[in-house]
1. Could you please give the count of residues in region 26-63 that are more than 16 Å from ligand 1 (Cβ to nearest atom) and among the basic types (Lys, Arg)?
2. What residue, of 201, 161, 209, is assigned to a strand (DSSP E or B) and not basic (Lys, Arg)?
3. Of the numbered conditions (1) more than 21 Å from residue 57 (Cα to Cα); (2) open to solvent by less than 50 Å² (accessible area, probe 1.4 Å); (3) among the small types (Gly, Ala, Ser), residue 149 satisfies every one except a single condition; which is it?
4. Could you run through region 85-107 and say how many residues are under 19 Å from residue 201 (Cα atoms) and away from ligand 2 (no atom under 16 Å from the Cβ)?
5. Only one of (1) of a type in the set (Gly, Ala, Ser); (2) away from ligand 2 (no atom under 16 Å from the Cβ); (3) not assigned by TED's automatic domain parsing to the domain that holds residue 140 is not met by residue 159, so which one is it?
6. Kindly list, by first and then second residue, each pair from a residue in region 204-223 that is at positive phi to a residue that is away from ligand 2 (no atom under 15 Å from the Cβ) and open to solvent by 10 Å² or more (accessible area, probe 1.4 Å), limited to pairs with Cβ atoms under 9 Å and residues at least 6 apart or on different chains.
7. Can you name the residue in region 24-65 that is more than 25 Å from residue 243 (Cα to Cα) and within 14 Å of ligand 2 (Cβ to nearest atom) and is also least open to solvent (accessible area, probe 1.4 Å) among such residues?
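The values are calculated or read from the model by the stated rules, or taken from the named source; none is laboratory data. Fair warning: this is a prediction, and the values are worked out from it, not measured in the lab. Note that we place each Cβ from the backbone using ideal geometry, even for glycine, and neighbour counts take in every protein chain shown. With ligands, DNA and RNA removed, areas are computed over all heavy atoms of the protein, side chains included. Shrake-Rupley method; radii C 1.70, N 1.55, O 1.52, S 1.80 Å.
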Amino acid sequence: MEKRKNKKIIIKVSDLSKSFNDNIVLKNINFKLFEGESLAIIGASGSGKSVLLKNIIGILEPDKGSIQINDTEMVNLPRNLKEKILLDLGITFQHGALFDSLKNWENIIFKIANKKKMNNKQGKKLAFSIIKKLGLQPEILDLYPSEISGGMQKRVAIARAICGNPKILLFDEPTSGLDPVTGSLIDQLIKTAVRTVGGSAITITHDMASVFRIADKVMLIDNKTISWSGTPKDMFNSTNAKIQEFIKPINSEFLLND
Ligand SMILES: Nc1ncnc2c1ncn2[C@@H]1O[C@H](COP(=O)(O)OP(=O)(O)OP(=O)(O)O)[C@@H](O)[C@H]1O
Ligand SMILES: [Mg+2]
């Protein structure tokens, strides 16, 4: 903890609670994301990981608490100001959310197309420079999202998120449903994005291989709150039953390799 003393806080979530009618999903969530840090959020299905992310980006409003991004309070911030801040974030959703009516390359450069006037050739060139790192072929650029596979759509969404090198990245299950090779390409990209632009990332994942590849810090959401946090390595020494469940398959894998 000590060595992070001088690091800038990029996202600060304080006492955040969120319910849907009488379903209490999150209760008193507190955490900070520091500059240059890659944070993984793990937790069982339905534990509230996506709800937390949606609160951070303002798709959902918390019932209580505060969310600060670069010192700006996001809760109750007028929509136009919120959108301005979100433009500087690279976000992917758990379930796609590409624009169906735009071609893949147009999806990818969408955020920066308004800022930088580019012709089609320049736009496609930029889009290709990103997708080639994700193992996608240039042929998909001129297709629409509906014309490519789910795994390809996922990668186009990631390309869209990182286009323009945003300093804050928020990914919800970026590798789920992808083959291990593609998954590790995406992990590499997240890591590079954090390291090279001095960015910070929050990645929601249930993929433990990803956690070990990308995360400096891990947070477990359980029983509506953050019930454990530490480094990926700390997980191996944890007595927390849920953490042990998460690393059990990895330990078994080591045993099989013995
Ligand atoms: N818009 C909504 N309206 C009502 N309930 C919701 C809404 N969004 C999420 N929930 C509820 O919040 C709880 C947490 O959902 P969430 O999507 O955050 O889980 P998760 O941890 O992301 O799970 P998974 O790993 O399956 O993606 C669930 O009980 C879900 O039904
Ligand atoms: Mg989810």
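1. 1
2. Values: 161 fails: assigned to a strand (DSSP E or B); 209 fails: assigned to a strand (DSSP E or B).
So the residue among 201, 161, 209 that is assigned to a strand (DSSP E or B) and not basic (Lys, Arg) is 201.
3. Result: residue 149 fails condition (2) only.
4. The initial filter retains those residues of region 85-107 that are under 19 Å from residue 201 (Cα atoms), namely 85-96.
Subset that is away from ligand 2 (no atom under 16 Å from the Cβ): 85-90.
Residues flagged as under 19 Å from residue 201 (Cα atoms) and away from ligand 2 (no atom under 16 Å from the Cβ) within region 85-107 amount to 6.
5. (3)
6. 223/27; 223/242
7. Applying the first criterion (more than 25 Å from residue 243 (Cα to Cα)) to region 24-65 yields 35, 57-65.
Cutting the leftovers down to within 14 Å of ligand 2 (Cβ to nearest atom) gives us 57, 59-60.
Numbers: 57: 8, 59: 95, 60: 37 Å².
Here the residue is 57.
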